[in-house]
Amino acid sequence: MKRGDVIVLLACLFIAGLLSLPRLFLPPASELVIISGEGRQEFSLQEDLVKEIDGVAVEIKGGRARIVSSPCRDKLCVKAGWLSRPGDAAVCLPQRVALQVAGGRNQVAENRNQEAGGADSVAY
């Protein structure tokens, strides 16, 4: 490696560190928002529970959430795995069920949107 290569590599690492720094100061995720045919429901991520919504089994455990099972064919929503960071989402389109973790900047923006009478961030 030449001297210029090392300088470029160090600059890239420095910029990547700066870009990830604000994430350290975000408040942790606090709730799970589920939008389905039953409407919008909010659950705390601090409680452990398993709930079935329109045929989709949702599990909340240890500050994380996931879709455990779904009657859909491809099971992409199940493969999404655990959702734990603000903004993480999983959607089961055939069943029309969407999960999103709220908290941090995401929660602040969502509250502002609701106060202004804006539309939801999820559309079918």
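The values are calculated or read from the model by the stated rules, or taken from the named source; none is laboratory data. Owing to the predicted nature of the structure, the values given are computational and were not obtained by experimental measurement. Using ideal geometry, Cβ is built from the backbone for each residue, glycine included, and neighbour counts are taken over all protein chains shown.
One table, with the values for the structure above:
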quantity	calculated
Which listed residue, of Glu59, Glu52, is modelled with pLDDT of 55 or more, surrounded by fewer than 14 Cβ atoms within 10 Å (Cβ to Cβ) and assigned to a strand (DSSP E or B)	Glu52
Test for Val78: is it modelled with pLDDT of 55 or more, among the β-branched types (Val, Ile, Thr) and either in a helix (DSSP H, G or I) or loosely packed, with under 14 Cβ neighbours inside 10 Å (or both)	yes
Residue in segment 26-38 that is modelled with pLDDT of 90 or more, hydrophobic (A, V, I, L, M, F, W, C), surrounded by 10 or more Cβ atoms within 10 Å (Cβ to Cβ) and in a helix (DSSP H, G or I) present	no
Matching residues in segment 78-105 - criterion: being without any contact (Cβ under 8 Å) to a residue 60 or more places away in the chain, under 19 Å from Glu42 (Cα atoms) and not small (Gly, Ala, Ser)	Trp82, Leu83, Arg85, Asp88, Val91, Cys92, Gln95
Filtered residues of segment 38-73 (kept if among the charged types (D, E, K, R) and either touching a strand residue (DSSP E or B) at 6+ places or on another chain (Cβ under 6 Å) or farther than 16 Å from Ala98 by Cβ (or both))	Glu42, Glu47, Asp48, Lys51, Asp54, Glu59, Lys61, Arg64, Arg66, Arg73
Options Lys61, Lys75; residue that is on the phi > 0 side of the Ramachandran plot and either without any contact (Cβ under 8 Å) to a residue 40 or more places away in the chain or over 18 Å from the mean Cα position of the chain (by Cα) (or both)	Lys75
